[in-house]
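Contents: one structure, followed by commentary.
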Amino acid sequence: MRLVFIGAPGAGKGTQAKRLAAEKGYPIVATGDLLRAAIAEQTPLGQQAHAYIQRGELVPDPLVNQLVAERIATLESFILDGYPRNLTQAQMLETILPQPLSAVVYFEISEDALIARLGGRRICPQCGAVFHITANPSTAGDRCDQCGATLITREDDQPDTIRKRFSVYREQTAPLVDYYRQRGLLRTVNADAPPDAVYQQLLSVLCEST
Ligand code: AMP
């Protein structure tokens, strides 16, 4: 399966991608995670990308396109989480895909629900586990219950940056919903629902795509 997950920041794409990957074995290519790793390792890519991420803006297309092209070149199955984020990237993806996409899953959710979610999100800087202070707290308090590291708020989950990321999403990424609908690839799930219910919807829309 070659899947793209699209949806606003905080819609649950990453959580659902991890669960699907664990069950089906599809590798995840999450551009946000790859960029954060590059920043932590202070690679040339990370140094170029850091300021854009801090401002809640998109990292320039050539940098991200190259990152994705390298990752998916040899993959038969994958879940792309966070890419493409605009029409230029969607067109680029068509040229680098070894085989056509199987489906594009759209995580549909209201902005009010998202603001509540993102403000309470905490991540583990060591193993990448994601928590929420009320909806999915770590059993170890402010530490990761998987590896013990102290949990942090993502630097781009601050209120001003969240607002910026939403406006970038509305202007640049939301048009992809129609783009993929017109191509017959779009499958929509209601991402306002609890995680288990979203996962069941995901499995059922993917059944229709095989
Ligand atoms: P995410 O973890 O997907 O929310 O991404 C965090 C940040 O990484 C975004 O706000 C962007 O600054 C950057 N980013 C992730 N994916 C892309 C992409 N496909 N194109 C440009 N920038 C991206």
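For the stretch 1-26: of the residues being basic (Lys, Arg) and under 24 Å from ILE133 (Cα atoms), which is farthest from the ligand (Cβ to nearest atom)? First the steps, then the outcome.
So in the stretch 1-26, the residues basic (Lys, Arg) come out as 2, 13, 18-19, 24.
So of that shortlist, the ones also under 24 Å from ILE133 (Cα atoms) come out as 13, 18-19.
Numbers: LYS13: 8, LYS18: 13, ARG19: 17 Å.
Going through the qualifying residues, I end up with ARG19.
Note down all Cβ pairs under 6 Å where the first residue falls in the stretch 139-164 and is open to solvent by 60 Å² or more (accessible area, probe 1.4 Å), the second is of a type outside the set (Asp, Glu) and at pLDDT below 95, and they're at least six residues apart or on different chains.
Every condition considered, the pairs that remain are GLN146/CYS127; GLN146/ALA129; ILE152/PRO125; LYS164/GLY56.
What's the total number of residues in the stretch 1-26 that are at negative phi, in a loop (DSSP other than H, G, I, E, B) and surrounded by 21 or more Cβ atoms within 10 Å (Cβ to Cβ)?
3
Inspect all residues belonging to the stretch 74-90 and state whether any of them is over 19 Å from VAL189 (Cα atoms), acidic (Asp, Glu) and either without any contact (Cβ under 8 Å) to a residue 24 or more places away in the chain or away from the ligand (no atom under 15 Å from the Cβ) (or both).
Yes, the stretch 74-90 has at least one match.
Please go through the stretch 47-64 and pick out each residue that is among the small types (Gly, Ala, Ser), within 14 Å of GLY32 (Cβ to Cβ) and more than 6 Å from the ligand (Cβ to nearest atom).
Kept after step one, since they are among the small types (Gly, Ala, Ser), are these residues of the stretch 47-64: 49, 51, 56.
Next, only the ones that are within 14 Å of GLY32 (Cβ to Cβ) stay: 49, 56.
If the condition is that a residue be among the small types (Gly, Ala, Ser), within 14 Å of GLY32 (Cβ to Cβ) and more than 6 Å from the ligand (Cβ to nearest atom), then ALA49 is the only one that fits.
Residues in the stretch 27-46 that are hydrophobic (A, V, I, L, M, F, W, C), near the ligand (Cβ under 10 Å from one of its atoms), part of a helix (DSSP H, G or I) and open to solvent by less than 30 Å² (accessible area, probe 1.4 Å): how many?
Qualifying residue count, the stretch 27-46: 1.
I'm trying to understand the selection: among the residues of the stretch 84-100, which are buried (at least 18 other Cβ atoms within 10 Å of the Cβ) and in a helix (DSSP H, G or I)?
As a first pass, look at the stretch 84-100 and keep what is buried (at least 18 other Cβ atoms within 10 Å of the Cβ): 84-86, 89-90, 92-93.
Correct list: GLN89, ALA90, MET92, LEU93.
Please work out if PHE107 is within 20 Å of PHE166 (Cα to Cα) and of a type outside the set (A, V, I, L, M). Lay out the reasoning, then the answer.
Values: within 20 Å of PHE166 (Cα to Cα): yes; of a type outside the set (A, V, I, L, M): yes.
Judged against the criteria, PHE107 is a match.
Report, by residue number, each residue of the stretch 47-71 that is touching a residue at least 60 places away in the same chain (Cβ under 8 Å), surrounded by fewer than 20 Cβ atoms within 10 Å (Cβ to Cβ) and assigned to a helix (DSSP H, G or I).
GLN54, ARG55 - these are the residues of the stretch 47-71 that are touching a residue at least 60 places away in the same chain (Cβ under 8 Å), surrounded by fewer than 20 Cβ atoms within 10 Å (Cβ to Cβ) and assigned to a helix (DSSP H, G or I).
If you go through the stretch 112-126 one residue at a time, do you hit one that is closer than 20 Å to ASP81 by Cβ and surrounded by fewer than 12 Cβ atoms within 10 Å (Cβ to Cβ)?
Checked against the condition, which is being closer than 20 Å to ASP81 by Cβ and surrounded by fewer than 12 Cβ atoms within 10 Å (Cβ to Cβ), the stretch 112-126 yields no hits at all.
The values are calculated or read from the model by the stated rules, or taken from the named source; none is laboratory data. In this text, all values refer to a predicted model and were calculated from it rather than measured experimentally. Ideal geometry is used to build each Cβ from the backbone, glycine not excepted, and the neighbour counts take in all protein chains shown. With ligands, DNA and RNA removed, areas are computed over all heavy atoms of the protein, side chains included. Shrake-Rupley method; radii C 1.70, N 1.55, O 1.52, S 1.80 Å.
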